[in-house]
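*Asks:* Quick one: structure below, then a few questions.
The values are calculated or read from the model by the stated rules, or taken from the named source; none is laboratory data. Please read all numbers here as calculations on a predicted model, not as lab measurements. Every residue, glycine among them, receives a Cβ derived from its backbone with ideal geometry; neighbour counts consider all protein chains shown.
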Amino acid sequence: MTIVAVVQEPPVYLNLGKSMERAVGLIANCAAKGCNLVVFPEAWLPGYPTFVWRLKPGQDMGKTDALYARLLDNCVDLGKDGLAPLREAARAHGVVVVVGYQEVAGAVSGGTIYNSCAIIDADGTLANNHRKLMPTNPERMVWGFGDGAGLNVVETAAGRIGSLICWENYMPLARYALYAQNIDIYVAPTWDSGDSWQATMQHIAREGGCWVIGCATALEASDIPEDIPFREDLFPEPEEWVNPGDAVVYKPFGGLAAGPMHQEKGLLMAELDLDAVQVSRRKFDVSGHYARPDVFTLSVNRARQEPVHFTP
């Protein structure tokens, strides 16, 4: 039995060090409650750049540059083992951690940020790192394009886990790339919320015959630190729910297991019976007896696409 805790607490916005400390404490708390899987939302480290949806292209470029610089200074560099505190927390508490974070490949390109999701196994190993394939609308002002290298389902102490980030979950071929790897637990860290997102999570649980975890960061304007540039312009109403969270867990084939947790901070917990995954696929196995490989095929390029440097 896998017991998941879905984190619906905000980070310390655009402060990687303090957010990492908060994450380590949350992992310890979840483990103390008996959980062996801890899930954080999209871009939780160091906080989703919601400012891109609130600034005007061109007119507010100076503000965007200042906030981007703050974000870049607080991104995670895997080349410098930037997730080491979370890897150590996972190992110390024997839990699997799935975390959305913003990644900079400093050794290759110091100014490109990727929206990434890491799966850390219970022994502290980085089991998978996925970069969001397609940033959505104004997200392209801060994030580069990901690749297929992380479209993997990995065996962990909590089950076979894979993840897609936010609107990647609307991409049928990306979903199928995970279904075809016998996925148990499908994690969808996001910034989205509301009824349409819940419907998507339920559909994926039915389509994939797997456990589905959806989670966004529950964030109020009052959570934004006072030293964030242009804070008063961007978040003038301190009581505003910038994002309501809406963490949810769906059972294989689509029944609601827990949540949605709306405009509330804390942990959403659920028990995941992994045997239910295979049982659900007796009726509909999207990559098995319902697949029709004589009609359909899918090819995935899993090469890591790094920028090319000129060597004189």
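*Asks:* Quick one: which of PRO57, PRO11 is within 23 Å of MET141 (Cα to Cα), touching a residue at least 60 places away in the same chain (Cβ under 8 Å), assigned to a loop (DSSP other than H, G, I, E, B) and touching a Lys or Arg at 6+ places or on another chain (Cβ under 8 Å)? Walk me through it before giving the result.
*Replies:* Values: PRO57 fails: touching a Lys or Arg at 6+ places or on another chain (Cβ under 8 Å).
Of the residues listed, the single one that is within 23 Å of MET141 (Cα to Cα), touching a residue at least 60 places away in the same chain (Cβ under 8 Å), assigned to a loop (DSSP other than H, G, I, E, B) and touching a Lys or Arg at 6+ places or on another chain (Cβ under 8 Å) is PRO11.
*Asks:* Same structure again: Scan THR200, THR217 and give me the residue that is within 28 Å of GLY17 (Cα to Cα) and of a type in the set (Val, Ile, Thr).
*Replies:* It is THR217.
*Asks:* Here is a further query. Go through the stretch 202-233 and report how many residues are within 30 Å of PHE253 (Cβ to Cβ) and aromatic (Phe, Trp, Tyr). Explain how you work it out, then say what you get.
*Replies:* Taking the stretch 202-233 and keeping what is within 30 Å of PHE253 (Cβ to Cβ), we get 202-218.
Then keep just the ones that are aromatic (Phe, Trp, Tyr); that gives 211.
Of the residues in the stretch 202-233, 1 are within 30 Å of PHE253 (Cβ to Cβ) and aromatic (Phe, Trp, Tyr).
*Asks:* Can GLY159 be described as closer than 22 Å to VAL99 by Cβ, small (Gly, Ala, Ser) and at pLDDT 95 or above? Before you say what the answer is, go through the steps one by one.
*Replies:* Values: closer than 22 Å to VAL99 by Cβ: yes; small (Gly, Ala, Ser): yes; at pLDDT 95 or above: yes.
Taking the combined requirement at face value, the residue satisfies it.
*Asks:* Please specify each residue of the stretch 121-132 satisfying the condition of being within 17 Å of TYR186 (Cα to Cα) and among the aliphatic types (A, V, I, L, M). Break it down into steps so the answer makes sense when it comes.
*Replies:* Pass one, the stretch 121-132, residues within 17 Å of TYR186 (Cα to Cα): 121, 127-132.
If the condition is that a residue be within 17 Å of TYR186 (Cα to Cα) and among the aliphatic types (A, V, I, L, M), then ALA127 is the only one that fits.
*Asks:* Starting from the stretch 223-242, take each residue that is under 20 Å from ASP60 (Cα atoms) and list its partners that are of a type in the set (D, E, K, R) and at pLDDT below 95, counting only C-beta distances under 8 angstrom and pairs at least six apart or across chains.
*Replies:* Listed by first residue and then by second, the contacts come to ILE224/ARG231; PRO229/LYS63; PHE230/LYS63; ASP233/LYS63; LEU234/ARG54.
*Asks:* If you don't mind, there's one more thing I want to ask. Which one is nearest to GLY259 (Cα to Cα), of the residues in the stretch 181-199 that are surrounded by 20 or more Cβ atoms within 10 Å (Cβ to Cβ) and out of contact with any Asp or Glu (no Cβ under 6 Å at 6 or more places or on another chain)? Write out each step before concluding.
*Replies:* Just the residues of the stretch 181-199 that are surrounded by 20 or more Cβ atoms within 10 Å (Cβ to Cβ), to begin with: 183-193, 197.
Those still in the list that are out of contact with any Asp or Glu (no Cβ under 6 Å at 6 or more places or on another chain) too: 183-188, 192, 197.
Working: ILE183: 22, ASP184: 19, ILE185: 17, TYR186: 16, VAL187: 15, ALA188: 15, ASP192: 15, TRP197: 13 Å.
The residue in question is TRP197.
*Asks:* Taking GLY159 as meeting all but one of (1) without any contact (Cβ under 8 Å) to a residue 24 or more places away in the chain; (2) closer than 29 Å to VAL24 by Cα; (3) of a type outside the set (A, V, I, L, M, F, W, C), write down the number of the exception.
*Replies:* Against the list (1) without any contact (Cβ under 8 Å) to a residue 24 or more places away in the chain; (2) closer than 29 Å to VAL24 by Cα; (3) of a type outside the set (A, V, I, L, M, F, W, C), GLY159 comes up short only on (1).
*Asks:* In the stretch 164-173, is there at least one residue being outside any strand (DSSP E or B), closer than 12 Å to VAL96 by Cα and either among the β-branched types (Val, Ile, Thr) or in contact (Cβ under 8 Å) with a residue 60 or more places away in the chain (or both)? Spell out the reasoning first.
*Replies:* At the first step, the residues of the stretch 164-173 found to be outside any strand (DSSP E or B) are 164-173.
Adding the requirement that they be closer than 12 Å to VAL96 by Cα leaves none.
So far as the stretch 164-173 goes, no, none of its residues is outside any strand (DSSP E or B), closer than 12 Å to VAL96 by Cα and either among the β-branched types (Val, Ile, Thr) or in contact (Cβ under 8 Å) with a residue 60 or more places away in the chain (or both).
*Asks:* Same structure, new question: Can you find a residue in the stretch 52-67 that is touching a Ser or Thr at 6+ places or on another chain (Cβ under 8 Å) and either at positive phi or at pLDDT 95 or above (or both)? Give the steps one after another, and end with the answer.
*Replies:* Initial filter on the stretch 52-67 (touching a Ser or Thr at 6+ places or on another chain (Cβ under 8 Å)): 52, 55.
When the remaining residues are screened for being either at positive phi or at pLDDT 95 or above (or both), the result is none.
No, the stretch 52-67 contains no residue that is touching a Ser or Thr at 6+ places or on another chain (Cβ under 8 Å) and either at positive phi or at pLDDT 95 or above (or both).
*Asks:* While we're on this one: Considering only the stretch 68-112, how many residues are in a loop (DSSP other than H, G, I, E, B), more than 30 Å from MET1 (Cβ to Cβ) and more than 20 Å from the chain's Cα centre (by Cα)? If you could, list the steps in order and put the result at the bottom.
*Replies:* Start the filter on the stretch 68-112 by keeping residues that are in a loop (DSSP other than H, G, I, E, B), which leaves 73-75, 77, 81-83, 94-95, 105-112.
Right, trim to more than 30 Å from MET1 (Cβ to Cβ) and you get 73-75, 77, 81-82, 105-112.
Checking which are more than 20 Å from the chain's Cα centre (by Cα) leaves us with 73, 106-111.
So the count comes out to 7.
*Asks:* On to the next question. Which of (1) surrounded by fewer than 18 Cβ atoms within 10 Å (Cβ to Cβ); (2) free of Cβ contacts under 8 Å to residues at least 40 places away in the same chain is the odd one out, the single condition ARG87 does not satisfy?
*Replies:* (1)
*Asks:* Can you pull out the residues in the stretch 134-156 that are assigned to a helix (DSSP H, G or I) and farther than 22 Å from TYR186 by Cα? Even if it seems obvious, please write down each step before you answer.
*Replies:* Looking only at the stretch 134-156, we keep the residues that are assigned to a helix (DSSP H, G or I), and these are 137-141, 148-150.
ASN137, PRO138, GLU139, ARG140, MET141 - these are the residues of the stretch 134-156 that are assigned to a helix (DSSP H, G or I) and farther than 22 Å from TYR186 by Cα.
*Asks:* Considering the stretch 24-54 alone, what residues qualify as being assigned to a helix (DSSP H, G or I) and either touching a Leu at 6+ places or on another chain (Cβ under 6 Å) or more than 21 Å from GLN102 (Cβ to Cβ) (or both)? Give the steps one after another, and end with the answer.
*Replies:* In the first step, residues of the stretch 24-54 are kept if they are assigned to a helix (DSSP H, G or I); the result is 24-32, 50-53.
Listed by number, the residues that qualify are ALA28, ASN29, CYS30, ALA31, ALA32, PHE51.
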